[in-house]
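Heads up, the thing below is written out as structure tokens.
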Amino acid sequence: MIARVASVERHGVYIRMSVEAPEIARAAQPGQFAMLRVADTSSTDPLLRRPLSLHDRNASEVEFFFSVAGRGTDILAGKKPGDRLDVLGPLGRGFALDENMTGRTACCVGGGRGIAPLYFLARELKARGASVHILYGGRSAADVPLREKFEAAGYQTFVSTDDGSFGFHGLVTDLFEKQAAAERPDRLYACGPDAMMKTLAASAARLGIPAWFSLESVMGCGFGACWGCVHRILRDGTPEWVKVCEDGPVFAGPDIVWETGP
Ligand SMILES: Cc1cc2nc3c(=O)[nH]c(=O)nc-3n(C[C@H](O)[C@H](O)[C@H](O)COP(=O)(O)OP(=O)(O)OC[C@H]3O[C@@H](n4cnc5c(N)ncnc54)[C@H](O)[C@@H]3O)c2cc1C
Ligand code: FES
């Protein structure tokens, strides 16, 4: 649909963009994403849409939170309130959510831009009664701009930075181990670099915590037509190539065949 950019906020290298798209906002589930055409309406360059997670929604708007990775996100970052934007969504399968989470703790772990889908997720988990803990990892203090937003929304938020400039000094995976030793969460949800998620998946399996991970893949179409986004997933114990855009991007931890090294 053709949406209209409602607001654009810069947080260092990150951008928060709100877009008027009532139909997408109404249908959205946490963990789903949209494909954005970043070229001007008169141009076909770049041709392919870019995938972005749904960071938040209200009755009429959806919000994205992204960093500039290359040309497409750079063009997107230059959009202004009032600009028209072609947005396709919501797409994919989101996070598996129990209807009632009362008395349960959900731990949401985000690394860098991987924090994007976890705000919408945290809100839905809280609405289902969960006590939500946010573990937010970045390279430095400048890499965790959503910390205050999560704190203001009332979530217990723990930050780790690789350089120790804010919060726990070290990897967010080590922070997870430390937190889980003090209070084992009932559910784990994560999004971030593959190496981070692979380590978390191993921790969750060892601790017996049901866990879901949102995978990233380079996407051509976003709805199952191009086979550009395949990943190996275990089906009944056998690895199969599935489409991240259609079968995911969220998968259960034990099913994921991690492609990163040891
Ligand atoms: C389901 C999904 C949800 C996403 N949600 C967000 C989000 O909420 N916020 C956000 O900042 N980013 C998100 N991304 C990543 C985002 O789509 C890419 O950063 C973006 O498409 C890069 O486009 P570009 O034209 O700016 O860069 P390009 O010029 O296309 O690429 C720049 C560099 O980034 C690499 N790259 C491109 N796409 C990906 C990818 N999907 N995964 C890993 N590396 C990639 C390229 O190999 C290249 O090295 C998501 C990706 C997926 C698949
Ligand atoms: S992106 Fe085209 S099939 Fe997944």
Contour excess over end-to-end distance, with Cα ends at TRP241 and ASP162 and 0.36 nm allotted per residue:
25.1 nm
Hits among lysines - C-alpha to C-alpha of LYS149 under 18 Å, sequence gap 8 or more where chains match
LYS126
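Over 19 Å, how big is the tail of the calculated P(r) for the range 109-224, in percent of all Cα pairs? Spell out each step's value before the answer.
Details: 2960 of 6670 pairs.
Tail of P(r) above 19 Å: 44 percent of Cα pairs.
With +1 on each Lys and Arg Cβ and -1 on each Asp and Glu Cβ, how big is the dipole of the chain about its Cα centre, in debye rounded to the nearest 20? Don't skip to the answer; put the middle values down first.
Working: 29 positive and 31 negative charges, 47 e Å.
Roughly 220 debye for the chain.
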Show that you can apply the helix-only estimate: for the chain, add -39,500 (n - 2.57) for every DSSP H stretch of four or more residues, divide by all residues, and state [θ] at 222 nm to the nearest 500.
-6000 deg cm²/dmol
One would report the Cα pair-distance distribution of the chain, bin width 5 Å, in %, as 1, 6, 13, 17, 20, 17, 13, 8, 3, 1, 0, 0
Roughly how big is the range 1-134's charge dipole about its Cα centre, with Cβ charges of +1 (Lys, Arg) and -1 (Asp, Glu), in debye to the nearest 20?
160
Roughly speaking, what is the centre-to-centre gap between the range 237-262 and the range 1-62 when only Cα atoms are used, to the nearest Å?
26
Per residue value of the accessible surface for the chain (all protein chains in place, 1.4 Å probe), Å²
44
In order through the range 105-118: 3J(HN,Hα) via Karplus (6.51 cos²θ - 1.76 cosθ + 1.60), integer Hz, x for Gly, Pro:
9, 10, 10, 10, 10, x, x, x, 5, x, 5, 3, x, 7
Once normalised by the length of the chain, the mean sequence separation of its alpha carbon contacts under 8 Å that are 6 or more apart gives a contact order in percent of 17
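Could you check how much of the accessible area of the chain is carbon and sulfur, as a whole percent, using a 1.4 Å probe?
Details: 5850 of 11630 Å².
Result for the chain: 50 percent of the exposed heavy-atom area is carbon or sulfur.
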Averaging over every viewing direction, what projected area does the convex hull of the Cα atoms of the range 91-139 cover, in nm²?
3.6
What is the range 8-109's relative contact order, in percent, from Cα pairs under 8 angstrom and six or more apart in sequence?
34
In the full protein assembly as shown, how much of ARG71 is accessible to a 1.4 Å probe, in Å² to the nearest 10?
130
Relative contact order (percent, whole number), the range 45-87, Cα cutoff 8 Å, 6+ residue spacing
25
What accessible area, in Å² to the nearest ten, does a 1.4 Å probe give for ASP40?
90
Residue (of ALA225, GLY208, PHE251) at the positive-pole extreme of the range 203-262, dipole from beta-carbon charges:
GLY208
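The values are calculated or read from the model by the stated rules, or taken from the named source; none is laboratory data. Everything numeric in this text was worked out from a predicted model, so none of it was measured. We place every Cβ from the backbone using ideal geometry, glycine too, and count neighbours over all the protein chains shown. In case anyone asks, the SASA skips ligands and DNA or RNA and just uses the protein heavy atoms, side chains included. Shrake-Rupley method; radii C 1.70, N 1.55, O 1.52, S 1.80 Å.
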